[in-house]
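Notes for the one structure printed next.
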Amino acid sequence: MASAAEAGATRARPGAPVLAAIALGGALGAPARYGVAQLVHVAPGTFPWATFWTNVSGSFALGVVLALVLQRFPPTRYLRPFLATGFLGAYTTYSTFAVETDLLVKDGHAAIGMAYVAASVIGGLIAVWAGIVAARAVPFPRRGGTR
């Protein structure tokens, strides 16, 4: 007989439809990130504004999405994986953030790299908080029909 931990681990695995929702979200989020990178041009050795704005806007969107999905709309098995994990997971780019920071430091721009790290972390936290506040300000009924 399986232990409770093993049973919980088995139930926690997403099925094929959930994985498809994540993949579809990712297939839409990655080109959105690419579009931002094409709009915001950054010279080497300067502050990586394209990635910064992508990650901060993605943090804001994550705050909005999770507040709306978790507090305002009926539970769904596919919306959160599609939006939060798929689309926003592909749209935001913390691996690029790490590589850009590393390159700035290696290329002698440590002050810019450290400012980038601080601004990204603080900006991301403020943005997700602002997204939650903005979503909660929308006058939709909460789950269960009460405000």
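The values are calculated or read from the model by the stated rules, or taken from the named source; none is laboratory data. Values in this document were obtained by computation on a predicted structure and should not be read as measured data. Glycine gets a Cβ as well: all are built from the backbone with ideal geometry, and neighbour counts include every protein chain shown.
Below is a table of values for the structure above.
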item: Failed condition for SER95, given (1) under 14 Å from the mean Cα position of the chain (by Cα); (2) surrounded by fewer than 13 Cβ atoms within 10 Å (Cβ to Cβ); (3) touching a residue at least 40 places away in the same chain (Cβ under 8 Å); result: (3)
item: Number of the exception - GLY45 against (1) in contact with a Phe, Trp or Tyr (Cβ under 6 Å, 6 or more places away or on another chain); (2) of a type outside the set (A, V, I, L, M, F, W, C); (3) modelled with pLDDT under 95; result: (1)
item: In region 48-68, the residues that are of a type in the set (S, T, N, Q) and either under 16 Å from SER95 (Cβ atoms) or in contact with a strand residue (DSSP E or B) (Cβ under 9 Å, 6 or more places away or on another chain) (or both); result: THR51, THR54, ASN55, SER59
item: Which numbered condition ALA67 fails, given (1) of a type in the set (A, V, I, L, M); (2) part of a helix (DSSP H, G or I); (3) surrounded by fewer than 16 Cβ atoms within 10 Å (Cβ to Cβ); result: (3)
item: Subset of region 70-94 [assigned to a helix (DSSP H, G or I) and touching a Ser or Thr at 6+ places or on another chain (Cβ under 8 Å)]; result: TYR91
item: Leading residue by the ranking (modelled with the lowest pLDDT) among those in region 95-109 that are out of contact with any helix residue (DSSP H, G or I) (no Cβ under 7 Å at 6 or more places or on another chain) and assigned to a helix (DSSP H, G or I); result: SER95
item: Residue in region 105-112 that is crowded, with 18+ Cβ neighbours inside 10 Å, farther than 25 Å from GLY26 by Cβ and not hydrophobic (A, V, I, L, M, F, W, C) present; result: yes
